[in-house]
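Written below as structure tokens is the structure these notes are about.
The values are calculated or read from the model by the stated rules, or taken from the named source; none is laboratory data. This structure is a prediction, so every number in the text was calculated from the model and none was measured. Cβ atoms come from the backbone with ideal geometry, glycine included; neighbour counts cover every protein chain shown.
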Amino acid sequence: MTKVLLFSNLYPSSKTPTRGVFNRHVFGAIAEHCDVRVVSPLPWWSQREDPDRWFFGLKENFTGLHASFPTYWSVPGLHTWHARGMYLSLKHELIKLHSSFPFEAILASWAYPDAAAAAHFARFFRVPLVTNVLGSDINALTTYPRLTPQIRATLEASARIISVSGALKTKIVEMGIAPPKIVVQHNGVDRHEFCIREKEDARVCLDLDPEPQRIVYVGNFVEEKGVDVLVKAFSLLLSHKKNLRLSLVGSGNLQPRLREIVEEMGLTGKVEFHGRRSHEEIPLWMSAADLFCLPSLREGCPNVVLEALSSGVPVVASRVGGVPEILNETQGELTVAGNPQALSASLCRALEREWNPELLRDSVSGCSWTDVGSHYYRILSYAIEEFRGTNSTGFSI
């Protein structure tokens, strides 16, 4: 069986079970076809409250896959050195891993510093690198002039680049990367977890008021997600609809400011902060919603849109990144990013429409993680054969 090293800082552990859930699904789907090991490097300063992990890291199979979480040394704020620091810090550990698990390819998920460090490892171990780009690692990090050359060099060194959306592929091509090297693969959804449930039952399980119409947001509370725009839009919406609640599920550095906005606008009791919840609980939040909203300023291919639709819930989302590739007017509303008035109008229209949950669910019937895993396997197999100078597999991508 093909041996593959899966490399990304975005991966859940028993200590951070909600981190990198996307990669948990992708890596698990790849593991159906390959023998895999996961290495999820973390900066030492993120582990300063757990000194043992500074030196020994963590090894576990919390997700069902063998995973290690080694720390790497770098200087906070000096981002241009992070990839080199990651490579030098982890080199000895990966040599040990390779001696017992001679991986034939590396899949790195996140362009910098992860894939940039993985490019060094790929050269050292003489294996191909496949880089998976997710959104902000291209859209945001390439706005830093000192990082862009490293990211471009990493993409050029990759045997293949997997982009989660066509919009992200366009961005990569604009960086000067040859289009044939880039493969678009949208995300998947677990249709067993995210299914149609009775809304009233979901609200009872979550101890929510069963009466009001409810808009739900699930994600990080950070600037690029536009949660502050959603709160302002919700305030405007209340002038048309009184019996309405906004559930914010997540956490992040924007949370103190969000609470201030809620208080300043007199929305206390109407906007509810539910904190970060386990991945296993998120299907209930989708089912409890009359409408799911993703007001992002930037995106790749957001899983939450597919998860809401698979749950039979309509979606209002910003027309950014790969969102228009997975959401259309039969599934919800696309709106202008960063505009509370436009978002409020879209929310109002969506709340007033009659939606068929079965049709919404059927609209994402072809987006299974099984299919995603098969495509990743084909890409990895092709990269390995191409690297070896043969193409005996007959795989096409």
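So, in the stretch 319-336, exactly how many residues are surrounded by fewer than 20 Cβ atoms within 10 Å (Cβ to Cβ) and of a type in the set (A, V, I, L, M, F, W, C)?
Residues in the stretch 319-336 being surrounded by fewer than 20 Cβ atoms within 10 Å (Cβ to Cβ) and of a type in the set (A, V, I, L, M, F, W, C): 2 in total.
More than 27 Å from the chain's Cα centre (by Cα), closer than 25 Å to V336 by Cβ, surrounded by 18 or more Cβ atoms within 10 Å (Cβ to Cβ) and modelled with pLDDT of 95 or more, is that true of L237?
yes
Looking at this structure, is S363 surrounded by fewer than 21 Cβ atoms within 10 Å (Cβ to Cβ), closer than 21 Å to R191 by Cα and of a type in the set (G, A, S)?
yes
Which residues, counting only those in the stretch 119-177, are part of a loop (DSSP other than H, G, I, E, B) and in contact with a Gly (Cβ under 9 Å, 6 or more places away or on another chain)?
Result: L134, G135, V164, S165.
Of all residues in the stretch 3-41 being in contact (Cβ under 8 Å) with a residue 24 or more places away in the chain and among the hydroxyl-bearing types (S, T, Y), which is farthest from V218 (Cα to Cα)?
S40
Can you pull out the residues in the stretch 116-133 that are closer than 12 Å to A159 by Cα and either under 19 Å from the mean Cα position of the chain (by Cα) or modelled with pLDDT under 95 (or both)?
Hits for the stretch 116-133 are V130, T131, N132.
Test of understanding: among R214, R197, which residue is of a type in the set (K, R), in contact with a strand residue (DSSP E or B) (Cβ under 6 Å, 6 or more places away or on another chain) and touching a residue at least 24 places away in the same chain (Cβ under 8 Å)?
R214
What number goes with the only condition from (1) without any contact (Cβ under 8 Å) to a residue 40 or more places away in the chain; (2) farther than 23 Å from S136 by Cβ that L327 does not pass?
Failed condition: (2).
Regarding S311, is this residue touching a Gly at 6+ places or on another chain (Cβ under 9 Å) and either under 22 Å from V184 (Cα atoms) or crowded, with 24+ Cβ neighbours inside 10 Å (or both)?
Against the criterion (touching a Gly at 6+ places or on another chain (Cβ under 9 Å) and either under 22 Å from V184 (Cα atoms) or crowded, with 24+ Cβ neighbours inside 10 Å (or both)), S311 does not qualify.
Matching residues to (1) touching a residue at least 40 places away in the same chain (Cβ under 8 Å); (2) crowded, with 23+ Cβ neighbours inside 10 Å; (3) touching a Cys at 6+ places or on another chain (Cβ under 8 Å):
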position: T142; (1), (2), (3): no, no, no
position: P149; (1), (2), (3): no, no, no
position: V164; (1), (2), (3): yes, yes, yes
position: I177; (1), (2), (3): no, no, no
position: L208; (1), (2), (3): yes, no, no
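For the structure I just gave you, tell me whether I161 is touching a strand residue (DSSP E or B) at 6+ places or on another chain (Cβ under 6 Å), modelled with pLDDT of 95 or more and within 27 Å of R319 (Cα to Cα).
Yes, satisfied.
Assuming C301 fulfils every condition listed in (1) surrounded by 20 or more Cβ atoms within 10 Å (Cβ to Cβ); (2) without any contact (Cβ under 8 Å) to a residue 60 or more places away in the chain apart from one, which condition is it?
Failed condition: (2).
Quick one: which of V222, V184 is surrounded by fewer than 23 Cβ atoms within 10 Å (Cβ to Cβ), over 29 Å from L90 (Cα atoms) and assigned by TED's automatic domain parsing to the domain that holds Y72?
It is V184.
Residues that are of a type in the set (G, A, S) and either in a loop (DSSP other than H, G, I, E, B) or modelled with pLDDT of 90 or more (or both): does the stretch 31-46 have at least one?
Among the residues of the stretch 31-46, at least one is of a type in the set (G, A, S) and either in a loop (DSSP other than H, G, I, E, B) or modelled with pLDDT of 90 or more (or both), which makes the answer yes.
Are there any pairs with C-beta distances below 9 angstrom linking a residue in the stretch 336-365 that is on the phi > 0 side of the Ramachandran plot to a residue that is modelled with pLDDT of 95 or more and in a helix (DSSP H, G or I), with the two at least 6 apart or on different chains, and if so which?
Close Cβ pairs satisfying both conditions: G338/V229.
For V249, indicate whether it is out of contact with any Leu (no Cβ under 9 Å at 6 or more places or on another chain) and within 30 Å of A153 (Cβ to Cβ).
No: the conditions fail for V249.
Go through (1) outside any loop (DSSP other than H, G, I, E, B); (2) farther than 24 Å from L134 by Cβ; (3) in contact with a strand residue (DSSP E or B) (Cβ under 6 Å, 6 or more places away or on another chain) one by one and return the number of the condition H92 breaks.
Only one criterion in (1) outside any loop (DSSP other than H, G, I, E, B); (2) farther than 24 Å from L134 by Cβ; (3) in contact with a strand residue (DSSP E or B) (Cβ under 6 Å, 6 or more places away or on another chain) is unmet by H92, namely (3).
Restricting to the stretch 78-107, count the residues that are small (G, A, S) and either under 21 Å from T143 (Cβ atoms) or out of contact with any Ser or Thr (no Cβ under 9 Å at 6 or more places or on another chain) (or both).
Here the count works out to 3.
Residues that are within 30 Å of K171 (Cβ to Cβ): find the strands (runs of 3 or more DSSP E) completely inside the stretch 220-322 holding 1 or more of those.
Result: 244-249, 291-294, 315-318.
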